[in-house]
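Q: To start, I am sharing the structure in question, which I have written as C-alpha coordinates.
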Amino acid sequence: MTDTERAIRLMARCDALAVFSDEPGRITRAYGTPALREAQEAVAGWMREAGMDVRRDAVGNLIGRYEGEQPEAPAFLIGGHLDSVRDAGRYDGILGVLAGVAVVERLHAAERRLPFVVEVVAFADEEGLRFHSTYLGSRALAGTLDEETLSLTDDNGVTFGEAIQNFGGDPAAIESARRDPAEFLGFVEPHIEQGPNLEERDLPVGVVDAIVGGSRAEITVEGEAGHAGTVSMARRRDALCAAAELVLAIEGVGRSDPAMVATVGQFEVAPGASNVIPGEVRLTLDLRHPADEPRLRAENQLRELVAEIGARRGVLATWHEVQGYVSTRCDPGLTDRLAAAVSTCGVEPHRLPSGAGHDAVALADLLPVAMLFVRCAGGISHNPAESVDVADVAVACNVLDALVGDLVQSC
Ligand code: GLV
Ligand code: MN
Ligand code: MN
(Lines give C-alpha, C1' and ligand atoms only; values in the text may rest on other atoms or scores of the structure.)
(Ligands and ions follow the chains in the order given, each with its own letter.)
Protein backbone atom coordinates (compact mmCIF):
# COMPACT_ATOMS: atom_id res chain seq x y z
CA MET A 1 0.00 0.00 0.00
CA THR A 2 1.43 3.41 -0.96
CA ASP A 3 1.64 6.31 1.49
CA THR A 4 -1.22 8.03 -0.29
CA GLU A 5 -3.41 4.93 -0.20
CA ARG A 6 -2.73 4.61 3.50
CA ALA A 7 -3.77 8.22 4.10
CA ILE A 8 -6.89 7.80 1.96
CA ARG A 9 -7.88 4.77 4.00
CA LEU A 10 -7.28 6.66 7.25
CA MET A 11 -9.54 9.47 6.09
CA ALA A 12 -12.20 7.03 4.90
CA ARG A 13 -12.16 5.60 8.41
CA CYS A 14 -12.67 9.09 9.84
CA ASP A 15 -15.71 9.33 7.58
CA ALA A 16 -16.96 5.94 8.74
CA LEU A 17 -16.66 6.96 12.41
CA ALA A 18 -18.48 10.24 11.75
CA VAL A 19 -21.67 8.23 11.35
CA PHE A 20 -21.65 7.22 15.03
CA SER A 21 -23.31 10.08 16.83
CA ASP A 22 -25.55 10.80 19.81
CA GLU A 23 -27.52 13.24 17.67
CA PRO A 24 -28.92 12.81 14.17
CA GLY A 25 -27.37 14.93 11.43
CA ARG A 26 -24.26 16.02 13.30
CA ILE A 27 -21.31 14.51 15.13
CA THR A 28 -21.69 14.45 18.89
CA ARG A 29 -20.08 11.63 20.87
CA ALA A 30 -20.04 12.05 24.60
CA TYR A 31 -18.45 9.70 27.10
CA GLY A 32 -20.30 6.45 27.71
CA THR A 33 -22.88 6.69 24.94
CA PRO A 34 -23.90 3.97 22.46
CA ALA A 35 -22.32 6.08 19.70
CA LEU A 36 -18.97 6.03 21.46
CA ARG A 37 -19.31 2.28 21.93
CA GLU A 38 -20.02 1.81 18.22
CA ALA A 39 -17.02 3.93 17.28
CA GLN A 40 -14.88 1.86 19.64
CA GLU A 41 -16.11 -1.38 18.06
CA ALA A 42 -15.18 -0.16 14.58
CA VAL A 43 -11.72 0.91 15.75
CA ALA A 44 -11.26 -2.36 17.67
CA GLY A 45 -11.95 -4.24 14.41
CA TRP A 46 -9.25 -2.25 12.58
CA MET A 47 -6.84 -2.79 15.46
CA ARG A 48 -7.39 -6.55 15.33
CA GLU A 49 -6.89 -6.61 11.55
CA ALA A 50 -3.58 -4.85 12.20
CA GLY A 51 -2.46 -7.68 14.46
CA MET A 52 -3.20 -6.03 17.79
CA ASP A 53 -4.71 -7.54 20.93
CA VAL A 54 -7.53 -5.28 22.02
CA ARG A 55 -8.95 -4.55 25.45
CA ARG A 56 -10.84 -1.86 27.31
CA ASP A 57 -9.63 -0.62 30.66
CA ALA A 58 -11.72 0.15 33.75
CA VAL A 59 -12.78 3.61 32.54
CA GLY A 60 -13.51 2.37 29.00
CA ASN A 61 -10.40 3.48 27.10
CA LEU A 62 -9.79 1.22 24.10
CA ILE A 63 -6.24 -0.10 23.93
CA GLY A 64 -4.66 -2.06 21.08
CA ARG A 65 -1.34 -3.78 21.67
CA TYR A 66 1.08 -4.90 19.00
CA GLU A 67 3.52 -7.16 20.78
CA GLY A 68 7.27 -6.74 20.39
CA GLU A 69 10.01 -9.28 19.75
CA GLN A 70 10.26 -10.05 23.44
CA PRO A 71 7.54 -10.45 26.04
CA GLU A 72 7.76 -7.81 28.78
CA ALA A 73 9.21 -5.24 26.37
CA PRO A 74 8.30 -1.62 27.13
CA ALA A 75 5.63 0.02 24.99
CA PHE A 76 5.59 3.09 22.81
CA LEU A 77 2.15 4.65 22.98
CA ILE A 78 0.41 6.46 20.11
CA GLY A 79 -3.14 7.75 20.23
CA GLY A 80 -5.89 10.25 20.69
CA HIS A 81 -9.56 10.29 21.64
CA LEU A 82 -12.83 9.10 20.10
CA ASP A 83 -15.24 11.32 22.04
CA SER A 84 -16.17 14.70 20.58
CA VAL A 85 -17.64 18.07 21.31
CA ARG A 86 -21.24 18.85 20.26
CA ASP A 87 -21.59 19.29 16.48
CA ALA A 88 -17.95 18.35 15.99
CA GLY A 89 -15.63 17.79 13.08
CA ARG A 90 -14.46 14.32 12.15
CA TYR A 91 -10.72 14.56 12.84
CA ASP A 92 -10.20 16.06 16.31
CA GLY A 93 -8.78 13.21 18.40
CA ILE A 94 -9.76 10.53 15.90
CA LEU A 95 -6.87 11.27 13.57
CA GLY A 96 -4.40 10.43 16.34
CA VAL A 97 -5.99 7.06 17.04
CA LEU A 98 -6.19 6.10 13.37
CA ALA A 99 -2.65 7.29 12.63
CA GLY A 100 -1.46 4.93 15.38
CA VAL A 101 -3.42 2.08 13.77
CA ALA A 102 -1.92 2.99 10.37
CA VAL A 103 1.62 2.76 11.73
CA VAL A 104 0.97 -0.66 13.23
CA GLU A 105 -0.77 -1.87 10.07
CA ARG A 106 2.37 -1.21 8.08
CA LEU A 107 4.52 -3.11 10.59
CA HIS A 108 2.06 -5.99 10.53
CA ALA A 109 1.92 -6.08 6.73
CA ALA A 110 5.72 -6.34 6.71
CA GLU A 111 5.51 -9.02 9.44
CA ARG A 112 7.84 -6.86 11.51
CA ARG A 113 8.14 -7.02 15.27
CA LEU A 114 10.07 -4.35 17.13
CA PRO A 115 12.23 -4.44 20.24
CA PHE A 116 9.30 -2.70 21.94
CA VAL A 117 5.54 -3.01 21.99
CA VAL A 118 3.45 -0.47 20.09
CA GLU A 119 0.22 0.38 21.89
CA VAL A 120 -2.51 2.46 20.32
CA VAL A 121 -4.91 4.12 22.71
CA ALA A 122 -8.32 5.61 21.98
CA PHE A 123 -9.26 7.65 25.02
CA ALA A 124 -12.92 7.50 26.01
CA ASP A 125 -13.19 11.10 27.16
CA GLU A 126 -10.99 14.04 26.33
CA GLU A 127 -13.45 16.84 25.58
CA GLY A 128 -15.40 16.71 28.82
CA LEU A 129 -18.69 17.21 27.00
CA ARG A 130 -20.76 15.13 29.37
CA PHE A 131 -19.17 15.82 32.76
CA HIS A 132 -17.60 19.22 31.91
CA SER A 133 -14.25 18.01 33.20
CA THR A 134 -11.67 17.08 30.58
CA TYR A 135 -9.16 14.25 30.07
CA LEU A 136 -11.21 11.72 32.04
CA GLY A 137 -9.83 8.83 29.95
CA SER A 138 -6.19 9.85 29.99
CA ARG A 139 -6.34 10.83 33.66
CA ALA A 140 -7.49 7.28 34.47
CA LEU A 141 -4.49 5.91 32.59
CA ALA A 142 -2.16 8.38 34.34
CA GLY A 143 -3.68 7.48 37.71
CA THR A 144 -4.76 11.05 38.47
CA LEU A 145 -8.54 10.57 38.62
CA ASP A 146 -9.70 11.11 42.17
CA GLU A 147 -12.81 9.94 44.04
CA GLU A 148 -14.38 13.37 43.66
CA THR A 149 -14.30 13.08 39.88
CA LEU A 150 -16.36 9.89 40.08
CA SER A 151 -19.17 11.88 41.69
CA LEU A 152 -19.38 14.51 38.94
CA THR A 153 -22.87 14.46 37.45
CA ASP A 154 -24.08 14.93 33.91
CA ASP A 155 -27.09 17.07 33.00
CA ASN A 156 -29.43 14.18 33.91
CA GLY A 157 -27.92 13.64 37.35
CA VAL A 158 -26.02 10.48 36.35
CA THR A 159 -22.67 10.34 38.09
CA PHE A 160 -19.45 9.64 36.25
CA GLY A 161 -19.11 6.49 38.37
CA GLU A 162 -22.53 5.27 37.20
CA ALA A 163 -21.69 6.16 33.62
CA ILE A 164 -18.48 4.13 33.82
CA GLN A 165 -20.51 1.15 35.05
CA ASN A 166 -23.12 1.56 32.30
CA PHE A 167 -20.33 1.74 29.75
CA GLY A 168 -19.05 -1.67 30.85
CA GLY A 169 -16.24 -0.30 32.99
CA ASP A 170 -15.67 -0.61 36.71
CA PRO A 171 -15.57 2.54 38.86
CA ALA A 172 -14.46 0.51 41.88
CA ALA A 173 -11.43 -0.69 39.94
CA ILE A 174 -10.49 2.63 38.40
CA GLU A 175 -7.04 2.27 39.93
CA SER A 176 -6.46 -0.69 37.64
CA ALA A 177 -6.52 1.63 34.61
CA ARG A 178 -3.43 3.34 36.00
CA ARG A 179 -0.32 2.25 34.14
CA ASP A 180 3.18 1.95 35.46
CA PRO A 181 5.47 4.51 33.77
CA ALA A 182 8.15 1.82 33.60
CA GLU A 183 5.97 0.06 31.01
CA PHE A 184 6.45 2.91 28.53
CA LEU A 185 9.06 4.53 26.34
CA GLY A 186 6.78 7.50 25.76
CA PHE A 187 3.62 8.79 24.13
CA VAL A 188 3.15 10.63 20.87
CA GLU A 189 -0.18 12.26 20.09
CA PRO A 190 -0.80 13.14 16.44
CA HIS A 191 -3.57 15.74 16.23
CA ILE A 192 -4.97 18.30 13.85
CA GLU A 193 -3.53 21.73 14.65
CA GLN A 194 -6.90 23.44 15.25
CA GLY A 195 -5.22 26.74 14.44
CA PRO A 196 -3.87 28.54 11.37
CA ASN A 197 -0.09 28.50 11.93
CA LEU A 198 0.89 25.55 9.76
CA GLU A 199 -1.33 26.73 6.94
CA GLU A 200 0.22 30.19 7.15
CA ARG A 201 3.69 28.66 6.91
CA ASP A 202 2.66 26.21 4.22
CA LEU A 203 3.77 23.23 6.29
CA PRO A 204 1.97 19.87 6.42
CA VAL A 205 2.96 19.08 10.02
CA GLY A 206 4.50 20.77 13.04
CA VAL A 207 6.01 19.82 16.37
CA VAL A 208 4.31 20.98 19.56
CA ASP A 209 6.56 22.35 22.26
CA ALA A 210 3.98 23.24 24.93
CA ILE A 211 0.26 23.03 25.63
CA VAL A 212 -1.59 25.89 27.31
CA GLY A 213 -3.03 25.67 30.79
CA GLY A 214 -6.68 26.27 31.50
CA SER A 215 -9.36 26.84 34.10
CA ARG A 216 -12.91 25.59 33.78
CA ALA A 217 -15.70 26.82 36.03
CA GLU A 218 -19.46 26.78 36.19
CA ILE A 219 -21.16 29.93 37.40
CA THR A 220 -24.71 29.90 38.70
CA VAL A 221 -26.76 33.05 39.18
CA GLU A 222 -29.88 32.83 41.33
CA GLY A 223 -32.28 35.74 41.23
CA GLU A 224 -36.05 35.71 41.50
CA ALA A 225 -38.46 34.55 38.82
CA GLY A 226 -41.51 36.78 38.48
CA HIS A 227 -44.23 38.12 36.24
CA ALA A 228 -42.86 40.06 33.25
CA GLY A 229 -45.88 42.36 33.29
CA THR A 230 -46.27 43.18 36.95
CA VAL A 231 -42.83 43.40 38.58
CA SER A 232 -41.40 46.88 38.12
CA MET A 233 -37.84 47.20 36.87
CA ALA A 234 -36.74 48.60 40.24
CA ARG A 235 -37.96 45.52 42.11
CA ARG A 236 -36.45 42.90 39.88
CA ARG A 237 -33.67 40.47 40.68
CA ASP A 238 -33.16 39.31 37.12
CA ALA A 239 -30.61 36.48 36.94
CA LEU A 240 -30.14 36.87 33.19
CA CYS A 241 -29.27 40.58 33.32
CA ALA A 242 -26.64 39.85 35.96
CA ALA A 243 -25.30 36.94 33.91
CA ALA A 244 -25.21 39.07 30.76
CA GLU A 245 -23.06 41.64 32.57
CA LEU A 246 -20.83 38.84 33.69
CA VAL A 247 -20.41 37.41 30.19
CA LEU A 248 -19.20 40.78 28.90
CA ALA A 249 -16.87 41.14 31.90
CA ILE A 250 -15.42 37.72 31.04
CA GLU A 251 -14.90 38.85 27.46
CA GLY A 252 -13.16 41.96 28.77
CA VAL A 253 -10.75 39.91 30.86
CA GLY A 254 -10.08 37.68 27.85
CA ARG A 255 -9.27 40.74 25.75
CA SER A 256 -7.04 42.30 28.40
CA ASP A 257 -4.03 40.18 27.40
CA PRO A 258 -3.31 39.15 23.80
CA ALA A 259 -2.33 35.65 24.92
CA MET A 260 -5.47 35.10 27.02
CA VAL A 261 -8.69 33.53 25.76
CA ALA A 262 -11.93 33.39 27.76
CA THR A 263 -15.10 31.66 26.55
CA VAL A 264 -18.63 31.23 27.83
CA GLY A 265 -19.68 28.17 25.82
CA GLN A 266 -22.86 27.16 27.63
CA PHE A 267 -25.61 29.38 28.92
CA GLU A 268 -28.93 28.16 30.29
CA VAL A 269 -31.79 30.33 31.45
CA ALA A 270 -34.58 29.10 33.73
CA PRO A 271 -37.49 28.91 33.81
CA GLY A 272 -37.24 30.08 30.18
CA ALA A 273 -40.51 31.69 29.10
CA SER A 274 -40.97 35.00 27.34
CA ASN A 275 -43.28 36.41 30.03
CA VAL A 276 -41.24 35.26 33.05
CA ILE A 277 -38.32 37.19 34.56
CA PRO A 278 -35.36 34.80 34.52
CA GLY A 279 -34.86 33.33 38.00
CA GLU A 280 -31.76 31.28 37.38
CA VAL A 281 -28.87 31.10 34.94
CA ARG A 282 -26.07 28.60 34.59
CA LEU A 283 -23.04 29.37 32.48
CA THR A 284 -19.66 27.85 31.87
CA LEU A 285 -16.27 29.53 31.72
CA ASP A 286 -13.21 28.27 29.86
CA LEU A 287 -10.14 30.41 30.48
CA ARG A 288 -6.72 29.75 28.94
CA HIS A 289 -3.26 31.28 28.80
CA PRO A 290 0.12 29.80 27.85
CA ALA A 291 1.52 30.95 31.21
CA ASP A 292 -0.06 29.84 34.47
CA GLU A 293 0.47 32.99 36.49
CA PRO A 294 -1.56 35.42 34.31
CA ARG A 295 -4.31 32.80 33.97
CA LEU A 296 -4.57 32.37 37.74
CA ARG A 297 -4.56 36.14 38.20
CA ALA A 298 -7.40 36.47 35.67
CA GLU A 299 -9.27 33.66 37.37
CA ASN A 300 -9.08 35.51 40.70
CA GLN A 301 -10.21 38.73 39.04
CA LEU A 302 -13.22 36.92 37.59
CA ARG A 303 -14.10 35.32 40.92
CA GLU A 304 -14.16 38.81 42.44
CA LEU A 305 -16.28 40.11 39.57
CA VAL A 306 -18.82 37.34 40.09
CA ALA A 307 -19.15 38.31 43.75
CA GLU A 308 -19.28 42.04 42.96
CA ILE A 309 -21.92 41.79 40.20
CA GLY A 310 -24.00 39.44 42.36
CA ALA A 311 -23.92 41.80 45.35
CA ARG A 312 -24.68 44.89 43.29
CA ARG A 313 -27.63 43.27 41.54
CA GLY A 314 -29.04 41.47 44.58
CA VAL A 315 -28.63 38.00 43.12
CA LEU A 316 -26.65 35.04 44.37
CA ALA A 317 -23.80 34.47 41.94
CA THR A 318 -21.66 31.46 42.75
CA TRP A 319 -18.42 30.21 41.26
CA HIS A 320 -18.02 26.43 41.09
CA GLU A 321 -14.55 25.33 40.16
CA VAL A 322 -14.64 22.45 37.69
CA GLN A 323 -11.05 21.95 36.67
CA GLY A 324 -7.70 23.65 36.44
CA TYR A 325 -4.68 22.35 34.59
CA VAL A 326 -1.26 23.90 34.31
CA SER A 327 0.49 24.55 31.03
CA THR A 328 2.51 21.55 29.94
CA ARG A 329 5.87 21.40 28.26
CA CYS A 330 6.31 18.44 25.95
CA ASP A 331 9.26 16.19 26.79
CA PRO A 332 12.38 17.82 25.28
CA GLY A 333 14.10 14.53 24.38
CA LEU A 334 11.11 12.90 22.69
CA THR A 335 10.19 16.19 21.02
CA ASP A 336 13.69 16.50 19.54
CA ARG A 337 13.33 13.00 18.16
CA LEU A 338 9.96 13.87 16.69
CA ALA A 339 11.44 17.00 15.13
CA ALA A 340 14.25 14.86 13.65
CA ALA A 341 11.62 12.49 12.22
CA VAL A 342 9.87 15.48 10.63
CA SER A 343 13.21 16.53 9.04
CA THR A 344 13.77 12.97 7.81
CA CYS A 345 10.51 13.31 5.90
CA GLY A 346 11.81 16.44 4.19
CA VAL A 347 9.73 18.92 6.18
CA GLU A 348 11.06 21.87 8.18
CA PRO A 349 10.49 20.90 11.82
CA HIS A 350 8.57 23.99 12.86
CA ARG A 351 7.78 24.14 16.59
CA LEU A 352 4.62 25.71 17.89
CA PRO A 353 2.52 25.79 21.05
CA SER A 354 -0.96 24.32 21.33
CA GLY A 355 -3.80 26.57 22.40
CA ALA A 356 -6.08 23.55 22.64
CA GLY A 357 -5.90 21.03 25.45
CA HIS A 358 -4.89 17.44 24.72
CA ASP A 359 -4.60 14.05 26.39
CA ALA A 360 -0.84 14.62 26.35
CA VAL A 361 -1.42 17.08 29.23
CA ALA A 362 -2.76 14.30 31.47
CA LEU A 363 -0.20 11.75 30.31
CA ALA A 364 2.69 14.15 30.95
CA ASP A 365 2.16 13.33 34.64
CA LEU A 366 3.18 9.77 33.84
CA LEU A 367 5.59 9.58 30.92
CA PRO A 368 7.47 11.57 28.26
CA VAL A 369 4.99 13.07 25.79
CA ALA A 370 5.33 14.62 22.34
CA MET A 371 2.75 15.96 19.89
CA LEU A 372 2.67 16.11 16.12
CA PHE A 373 0.28 18.65 14.61
CA VAL A 374 -1.26 18.19 11.18
CA ARG A 375 -2.32 21.24 9.19
CA CYS A 376 -6.09 21.76 9.04
CA ALA A 377 -7.92 24.00 6.60
CA GLY A 378 -8.39 27.55 7.86
CA GLY A 379 -7.42 26.39 11.34
CA ILE A 380 -11.09 25.50 11.80
CA SER A 381 -11.93 22.98 14.50
CA HIS A 382 -14.69 22.11 16.97
CA ASN A 383 -16.82 22.67 13.92
CA PRO A 384 -18.17 20.27 11.28
CA ALA A 385 -16.08 22.12 8.68
CA GLU A 386 -12.86 20.61 10.11
CA SER A 387 -10.81 19.46 7.14
CA VAL A 388 -7.40 17.93 6.49
CA ASP A 389 -5.53 17.06 3.33
CA VAL A 390 -4.70 13.49 2.29
CA ALA A 391 -1.12 14.50 1.45
CA ASP A 392 -0.63 15.99 4.94
CA VAL A 393 -2.03 12.89 6.60
CA ALA A 394 0.38 10.80 4.52
CA VAL A 395 3.29 12.94 5.78
CA ALA A 396 2.10 12.62 9.38
CA CYS A 397 2.00 8.83 9.14
CA ASN A 398 5.47 8.80 7.58
CA VAL A 399 6.78 10.98 10.41
CA LEU A 400 5.38 8.49 12.91
CA ASP A 401 7.03 5.61 11.01
CA ALA A 402 10.31 7.53 11.13
CA LEU A 403 9.97 8.23 14.84
CA VAL A 404 9.30 4.56 15.54
CA GLY A 405 12.27 3.65 13.33
CA ASP A 406 14.49 6.05 15.27
CA LEU A 407 13.37 4.51 18.57
CA VAL A 408 14.24 1.07 17.19
CA GLN A 409 17.76 2.31 16.39
CA SER A 410 18.32 3.42 19.95
CA CYS A 411 17.02 0.20 21.57
C1 GLV B 1 -10.17 20.26 23.73
O2 GLV B 1 -10.31 20.21 22.52
C3 GLV B 1 -10.00 21.53 24.38
O4 GLV B 1 -8.99 22.19 24.11
O5 GLV B 1 -10.88 21.94 25.12
MN1 MN C 1 -11.34 19.00 20.86
MN1 MN D 1 -8.69 16.74 20.57
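The values are calculated or read from the model by the stated rules, or taken from the named source; none is laboratory data. All of these numbers come straight from a predicted model, not from anything done at the bench. Positions of Cβ are generated from backbone atoms using ideal geometry, with glycine treated the same way; all protein chains shown enter the neighbour counts. Accessible surface areas use protein heavy atoms only, side chains included; no ligands, DNA or RNA. Shrake-Rupley method; radii C 1.70, N 1.55, O 1.52, S 1.80 Å.
Q: Kindly check whether there is at least one residue in the range 160-170 that is surrounded by 15 or more Cβ atoms within 10 Å (Cβ to Cβ) and on the phi > 0 side of the Ramachandran plot.
A: Checking the range 160-170: not a single residue is surrounded by 15 or more Cβ atoms within 10 Å (Cβ to Cβ) and on the phi > 0 side of the Ramachandran plot.
Q: Do we find a residue being in a strand (DSSP E or B) and within 16 Å of ligand 3 (Cβ to nearest atom) anywhere in the range 88-97? Spell out how you get there, then give the answer.
A: Going residue by residue through the range 88-97, those that are in a strand (DSSP E or B) are 88.
With within 16 Å of ligand 3 (Cβ to nearest atom) added as a condition, the list becomes 88.
The answer is yes, given that some residue of the range 88-97 is in a strand (DSSP E or B) and within 16 Å of ligand 3 (Cβ to nearest atom).
Q: Which one is nearest to ligand 2 (Cβ to nearest atom) among residues in the range 58-91 that are among the acidic types (D, E) and open to solvent by 10 Å² or more (accessible area, probe 1.4 Å)? Steps first, please.
A: From the range 58-91, those among the acidic types (D, E) are 67, 69, 72, 83, 87; that's our starting set.
If we keep only those that are open to solvent by 10 Å² or more (accessible area, probe 1.4 Å) as well, we get 67, 69, 72, 87.
On the way: E67: 31, E69: 36, E72: 35, D87: 12 Å.
Among those residues, the one meeting the criterion is D87.
Every residue, every condition in (1) in contact with a Leu (Cβ under 6 Å, 6 or more places away or on another chain); (2) surrounded by fewer than 17 Cβ atoms within 10 Å (Cβ to Cβ); (3) in contact (Cβ under 8 Å) with a residue 24 or more places away in the chain, yes or no:
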site: E111; (1), (2), (3): no, yes, no
site: V117; (1), (2), (3): no, no, yes
site: A122; (1), (2), (3): yes, no, yes
site: A140; (1), (2), (3): no, no, yes
site: S151; (1), (2), (3): no, yes, no
site: D154; (1), (2), (3): no, no, yes
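Q: Determine the pairs where a residue that is away from ligand 3 (no atom under 12 Å from the Cβ) and charged (D, E, K, R), located within the range 373-389, has a partner that is outside any loop (DSSP other than H, G, I, E, B) and open to solvent by 30 Å² or more (accessible area, probe 1.4 Å) with Cβ atoms under 8 Å apart, the partner being 6 or more residues away or on another chain.
A: Within 8 Å, the pairs are R375/E199; D389/A377.
Q: A follow-up question, please. Kindly establish whether E162 is away from ligand 3 (no atom under 16 Å from the Cβ), over 18 Å from L62 (Cα atoms) and at pLDDT 95 or above. Outline the logic, then answer.
A: On the way: away from ligand 3 (no atom under 16 Å from the Cβ): yes; over 18 Å from L62 (Cα atoms): yes; at pLDDT 95 or above: yes.
Judged against the criteria, E162 is a match.
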